[in-house]
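The values are calculated or read from the model by the stated rules, or taken from the named source; none is laboratory data. These numbers come from a predicted model, not from an experiment. Cβ: placed from backbone, ideal geometry, glycine included. Neighbour counts: every protein chain shown.
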Amino acid sequence: MKKNILFIGVCWCLLYDLNAQDSLGFAKKKIEPKSDELLQLQKDRYYNIIGYDDDKLIYQMNIGGKKDFGYSAEAEFKIYYDEKRKVVTDSIYIKREGRKILQVRQYDELILYHGFYNVPQKFESKLIDELDRGQYLLDYQDFWIEYLNKEYKIKSYSAHYYDKDVNYDISSSGIKVILSTYVNEYLRSTKADSVITIISFNESKSNDFSKQEIVCEECIKPQVVDQALFYGQKYHYLPGADAYDWKIYKAPVTNLLQDELLAEYIELVLVSPDGKYILGKKYLYGRLCYVILSTDLKKFQYVATIEDFKKHTPFYSKKNEKFAIDTPKNIVYVEFPDEFTINSTGIDANKKNTSTEENDQFWKSYNFLENSN
């Protein structure tokens, strides 16, 4: 009798968890293994997805392999990868005489570089990792673009900018560069303005571009789609404390006072090229999960958790027209949900406080389901 009661209890708990998952409606994901050739090129290297050239996914590959204190900071070459055919189609050496490139972003013909635009000749032959701290901290860290085979320096920031971070990217239109300075992630319990610089290019003239600067209080990860600015902002539970969560806003680039709240308790990661969807992060039963948010409906769905976020590079797959996550061995494509059921603002979006027992029970049942497929 006791065995029957125990069995019924276990079944009820499992059924409860499965129903909870059904009501959450996890977005489906498709896992595509990387090719053996790509894995071999990436082995023991620092690498990162930097964008697209036509329909080829581009990886930045840095010099050398593992170091005692990490990876080499300098970008050496780019790899072009065909997602559909799962083949490496090309590689391009990108080191430049007199320059040191740290990070690259690319969208077709527009390439954005972050690094040191002019390096003293005595340091040209040295790797960044080989320089001592005094040598490494040159006066400025620079941003420059290469467009229609010409280079232009567009912005410099002091390398002694310890209290600030610089966020940078190319808009999905491929003709705008967004640079943003904001309070360093370790000091974000303080309030401070973010300065967002939007640089727009004439598609037919490489030397024709304009700059627009916007001051926005604590705007983090700004992204531009057409004339709309999407950005994240911290919500502090207690003034001056480092206990916070996130909100996501949308506003016209020309008037931030007309902002629109899109989501609460969700951290902004990426905006789709049409501005209709956002990939974000949110806690669920004690674990950090990706979510997909509909900006029109202001509703979202969870994406099943993927462990070790530090090894991920989320991106929007131009080839497959969906959000994707680059992991060490796979590319995970996230399907758009058939429907969005959870409100992204108000009580439904609020962070739920759950016990360790509830968390373990929920994810144990979910893993059971995932492993059985």
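Residue count for the range 269-283, restricted to those that are touching a Lys or Arg at 6+ places or on another chain (Cβ under 8 Å) and hydrophobic (A, V, I, L, M, F, W, C): 1. Could you tell me whether residue 362 is over 28 Å from residue 49 (Cβ atoms), among the aromatic types (Phe, Trp, Tyr) and more than 20 Å from the chain's Cα centre (by Cα)? Answer is yes for this residue. Only strands (runs of 3 or more DSSP E) whose full extent lies in the range 245-336 are considered here, and the ones with at least 1 residues that are among the aromatic types (Phe, Trp, Tyr) and in contact (Cβ under 8 Å) with a residue 12 or more places away in the chain are 277-284, 287-294, 299-302, 313-317, 322-326, 330-334.
Here the range 269-301 is the region considered, the condition is being closer than 17 Å to residue 228 by Cα and of a type in the set (Val, Ile, Thr), and the residue that is surrounded by the most Cβ atoms within 10 Å (Cβ to Cβ) is 271. For the range 337-358, residues that are farther than 28 Å from residue 322 by Cα and modelled with pLDDT under 90 total 2.
Here residue 239 clears all of (1) out of contact with any strand residue (DSSP E or B) (no Cβ under 8 Å at 6 or more places or on another chain); (2) modelled with pLDDT of 85 or more except the condition numbered (2). Residues of the range 127-155 that are over 17 Å from residue 108 (Cα atoms), exposed (fewer than 14 other Cβ atoms within 10 Å of the Cβ) and modelled with pLDDT under 85: 130, 132, 133, 134, 135, 137, 139. Residues in the range 7-33 that are at pLDDT 85 or above and over 20 Å from the mean Cα position of the chain (by Cα) were compared, and the one that is nearest to residue 107 (Cα to Cα) is 33.
Among the residues of the range 293-336, just one is touching a Gly at 6+ places or on another chain (Cβ under 8 Å) and among the β-branched types (Val, Ile, Thr), namely 295.
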